[in-house]
Structure formats: structure tokens, C-alpha cells
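The values are calculated or read from the model by the stated rules, or taken from the named source; none is laboratory data. These figures come from a predicted structure and were not determined experimentally. In this analysis, Cβ positions are derived from the backbone assuming ideal geometry, glycine residues included, and neighbour counts consider all displayed protein chains.
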Amino acid sequence: MLEIKEYNNKYKEDVKDLLVELQDYHATIDEQKIMTNVDNYKEEYFNLVHNEIIENEGKIFLALKDSKVLGLTACLVDDLPFGQNYVSTFPQRGRILKLIIKENERGQSIGSALLEKAEDYLKNIDCKYIDIDVFGTNKAGLEFYLKKGYIIRTYKIIKEI
């Protein structure tokens, strides 16, 4: 049976491995071949994500089955984008930093369960909206979020020069 639990240090290496798996996936779908794993990525990126979570009322939730980590989501309260306090009345919002399911575990509603847990947490701390960045060529990820009621609000575009 699937269990969603809040992160603790017992699962630190599992979380690091999932972050690497996500980065590897992004590298395979990156048409510009910009994404890669660099030396010490595993440690440094975990520390970056973990620190951002701690500093911004965030949580990491894990999907477990028989004590085995199958996926995670990381969410937090997001700062307003540059200048937003002057041009909008944007209420407090959350951000989903990561949603990762082990490749061989996808398609079993694990992502849905993790997303729901993150949404519930953010709603309970008075967030009114949730932002999620989806890598441009991650069509499966975009489709997943659109099916969950998210909308495309902005585009970030790139050009090689």
C-alpha cells in the first residue's frame, strides 16, 4: 500500500538519487543539450533544495511502498517575482519545486498522490495559488499538470546566439 510521509534524514540518500534521476531525465529530453550532471551535483543540489525548503516554510513529501521510496515532491511558499508587489495584488502562493517518480513506478497514480499532498499542505498555510515550472520539452509533465487543473500563465523562451 502506498504511503505518503514527510521527509526525514533517514531518506536523504533516496532523495539525492531521485534528484539525480530527474536531472538525468531532463538531460535526455533537452533539445539544446544544455542540461547535464556536473561533479558533486548530487550533494550540492540536494543541499540547495533542502535549504530552500527550510527557509521558505517548505516540505518534502515521499511516496513509500514497503518502506521503499518511489517518488517525492518538494513544495514551499514562494517569494513574489521581481516587481510583482508593484504591479499586482498577487496573494501568497506556493511553488512545487520538484515532483519526481522513479521511472519504473510511473503510471500508478503516485504523482497524483504526491501532488495532492503538496497542494493540501500549501492550502493549509494560506497559499491561494501554486506555481510549477515545467521543463519546456517535458511534454508528459506538462500534460500531467494540465489534467490536474493547472493552466499555462507564462512562457519562458530561449534562443542560442
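Within the range 119-144, residues that are within 30 Å of Thr28 (Cα to Cα) have Cβ atoms under 7 Å from residues that are hydroxyl-bearing (Ser, Thr, Tyr) and surrounded by 18 or more Cβ atoms within 10 Å (Cβ to Cβ) in these pairs: Ile132/Tyr145; Val134/Tyr145, counting only partners at least 6 apart in sequence or on another chain.
Remark: pairs (first residue in the range 16-45, within 16 Å of Glu103 (Cβ to Cβ) and in contact (Cβ under 8 Å) with a residue 40 or more places away in the chain; second residue of a type in the set (Val, Ile, Thr) and in a loop (DSSP other than H, G, I, E, B); Cβ separation under 8 Å; 6+ apart in sequence or on different chains) = Ile29/Thr137. Looking across the range 95-120, the residues that are closer than 22 Å to Lys16 by Cβ and assigned to a helix (DSSP H, G or I) come down to Glu103, Asn104, Glu105, Ile110, Gly111, Ala113, Leu114, Leu115, Lys117, Ala118. Tallying residues that are at pLDDT below 95 and β-branched (Val, Ile, Thr) within the range 57-88 yields 2. Criterion applied to Val38, Val20 was being β-branched (Val, Ile, Thr) and under 14 Å from the mean Cα position of the chain (by Cα), and the one residue passing it is Val20.
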